[in-house]
Amino acid sequence: MQIGLRLHDSEKIEITKRLDVVKSQGFDCVHLALSKIEGLSADVDSLSPGYAMYLKHMFDNAGLDIAVLGNYLNLAHPDKVTLKTIQHKYISHLRFASHLGCSVVGTETGAPNPTYSYDKDTCHSDWALDIFIENLKPVIEAAEKFGVILAIEPVYKHIVWNPERARIVLDKIKSPNLQIIFDPVNLLHPDNLDRREDVIKEAIDLLGPDIAIIHLKDYVMNNGQMDCLGCGFGEMNYDRIVEFAVKKKPYIQATLENTTPENAVKAREYIQSLEKRFR
């Protein structure tokens, strides 16, 4: 695996120095959310080819790839005017990624309400899935035109909440430019933790060929809730995930989540120690 991290989890210093620190910590790539980095803009009007080239040179000079350009907005928003704005922002990010030299724009799959809030009955309903798929179609058409992958990230609390739902989306859209961000912890919830290994196996079995990026984090249980933290500091078992990556996805980019500047290196070293067992 090529291990990276979310850039907004790194030390909050001037951007070029920040990239140098990330590289010095042994990382190969980053997940870039423009809106979460001070000094960078995610406004649609700012996403020019020149801005993309400016960032590309900066990351090239640091020796870092941009694994994912994040744009985590609600594609199931019920207000039609707001939805058009959201779709336009996705399309703008896809175009920007094509200039940036970034192959993947990443997104989660939303909720059928304006507050992007979890309600099991509505988020997990068939009608919500139909809405998401329909709203996704013009975004995927743009991804095909720009030659960029849109990767959706299944999350238990969102519309695409399990591997089966993700497979439905892939099969209905039928586009080589739609793929998957595999975040195993995001597929888990107190409702299904008792079958954690089965959930992860199902994801790999159903989605494996379409997984473009892996996200890695850990969790601990706290008063019946899952609190996320860096890899190796909680209760997660990564064996099946790392074995899949090593044997089926050579050199896949895998970005760490929920790290801190103080523990990011230790989290990377923990995952890399597991990799050695499966080579």
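Contact map, the range 58-72: residues that are under 21 Å from Met1 (Cβ atoms) paired with residues that are surrounded by fewer than 13 Cβ atoms within 10 Å (Cβ to Cβ) and not aromatic (Phe, Trp, Tyr), Cβ distance under 8 Å, separation 6+ or inter-chain. Pairs shown: Ala62/Thr16.
Gly39: modelled with pLDDT under 95 and either out of contact with any helix residue (DSSP H, G or I) (no Cβ under 6 Å at 6 or more places or on another chain) or on the phi > 0 side of the Ramachandran plot (or both), yes or no? Yes, satisfied.
Taking into account only those residues within the range 247-256 that are among the hydrophobic types (A, V, I, L, M, F, W, C) and touching a Leu at 6+ places or on another chain (Cβ under 9 Å), which is nearest to Gln25 (Cα to Cα)? Please lay out each step first, then the result.
Quick first cut of the range 247-256, residues among the hydrophobic types (A, V, I, L, M, F, W, C) only: 252, 254, 256.
Of the ones still in play, those that are also touching a Leu at 6+ places or on another chain (Cβ under 9 Å) are 254, 256.
Numbers: Ala254: 15, Leu256: 13 Å.
The qualifying residue nearest to Gln25 (Cα to Cα) is Leu256.
Does Leu188 satisfy the condition of being buried (at least 16 other Cβ atoms within 10 Å of the Cβ), within 17 Å of Ala166 (Cα to Cα) and within 16 Å of the chain's Cα centre (by Cα)? The answer is yes for Leu188.
Can you say whether Asp171 is out of contact with any strand residue (DSSP E or B) (no Cβ under 8 Å at 6 or more places or on another chain), in a loop (DSSP other than H, G, I, E, B), modelled with pLDDT of 95 or more and of a type in the set (D, E, K, R), as far as the supplied structure shows?
Numbers: out of contact with any strand residue (DSSP E or B) (no Cβ under 8 Å at 6 or more places or on another chain): yes; in a loop (DSSP other than H, G, I, E, B): no; modelled with pLDDT of 95 or more: yes; of a type in the set (D, E, K, R): yes.
Taking the combined requirement at face value, the residue does not satisfy it.
Could you check, for the range 234-243, whether at least one of its residues is buried (at least 18 other Cβ atoms within 10 Å of the Cβ), of a type in the set (A, V, I, L, M) and more than 22 Å from Glu108 (Cα to Cα)? Reasoning before the result, please.
Filtering the range 234-243 for residues buried (at least 18 other Cβ atoms within 10 Å of the Cβ) gives 236, 238, 241-242.
Checking the rest, the ones that are also of a type in the set (A, V, I, L, M) come to 236, 241-242.
Still in the running and more than 22 Å from Glu108 (Cα to Cα): 242.
Yes, some residue in the range 234-243 is buried (at least 18 other Cβ atoms within 10 Å of the Cβ), of a type in the set (A, V, I, L, M) and more than 22 Å from Glu108 (Cα to Cα).
Just checking, does the range 75-93 include any residue being within 21 Å of Glu257 (Cα to Cα) and of a type in the set (S, T, N, Q)? The answer is no, given that none of the residues of the range 75-93 is within 21 Å of Glu257 (Cα to Cα) and of a type in the set (S, T, N, Q).
Residues of the range 90-107 include at least one that is buried (at least 16 other Cβ atoms within 10 Å of the Cβ), in contact with a Lys or Arg (Cβ under 9 Å, 6 or more places away or on another chain) and among the basic types (Lys, Arg).
Determine whether Pro138 is surrounded by fewer than 18 Cβ atoms within 10 Å (Cβ to Cβ) and touching a residue at least 40 places away in the same chain (Cβ under 8 Å). When the stated conditions are applied, Pro138 passes them. Which condition number does Ala166 fail, the rest of (1) of a type in the set (Gly, Ala, Ser); (2) within 13 Å of Thr109 (Cα to Cα); (3) surrounded by fewer than 22 Cβ atoms within 10 Å (Cβ to Cβ) being met? Tallying (1) of a type in the set (Gly, Ala, Ser); (2) within 13 Å of Thr109 (Cα to Cα); (3) surrounded by fewer than 22 Cβ atoms within 10 Å (Cβ to Cβ), Ala166 fails exactly one: (3).
Would you check if Lys201 is of a type outside the set (A, V, I, L, M, F, W, C), in a helix (DSSP H, G or I) and under 22 Å from Val169 (Cα atoms)? Break it down into steps so the answer makes sense when it comes.
Details: of a type outside the set (A, V, I, L, M, F, W, C): yes; in a helix (DSSP H, G or I): yes; under 22 Å from Val169 (Cα atoms): yes.
The answer is yes for Lys201.
Out of the residues in the range 14-27 that are of a type outside the set (Phe, Trp, Tyr) and farther than 16 Å from Leu55 by Cα, state the one that is surrounded by the fewest Cβ atoms within 10 Å (Cβ to Cβ). Can you show your working first?
At the first step, the residues of the range 14-27 found to be of a type outside the set (Phe, Trp, Tyr) are 14-26.
Going one step further and asking which of them are farther than 16 Å from Leu55 by Cα, we end up with 21, 24-26.
Working: Val21: 16, Ser24: 10, Gln25: 15, Gly26: 12.
The selected residue is Ser24.
For (1) surrounded by 12 or more Cβ atoms within 10 Å (Cβ to Cβ); (2) within 22 Å of Ala212 (Cα to Cα); (3) hydroxyl-bearing (Ser, Thr, Tyr), each residue gets a yes or a no:
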position: Ile37; (1), (2), (3): yes, no, no
position: Ala42; (1), (2), (3): yes, no, no
position: Leu47; (1), (2), (3): yes, no, no
position: Tyr51; (1), (2), (3): yes, no, yes
position: Leu64; (1), (2), (3): yes, yes, no
position: Asn74; (1), (2), (3): yes, yes, no
position: Lys80; (1), (2), (3): no, no, no
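Residue count for the range 175-194, restricted to those that are part of a loop (DSSP other than H, G, I, E, B) and either modelled with pLDDT under 95 or of a type outside the set (S, T, N, Q) (or both): 6.
The values are calculated or read from the model by the stated rules, or taken from the named source; none is laboratory data. Source: prediction; values computed, not measured. Note: ideal-geometry Cβ built from the backbone for every residue, glycine included; neighbour counts use all protein chains shown.
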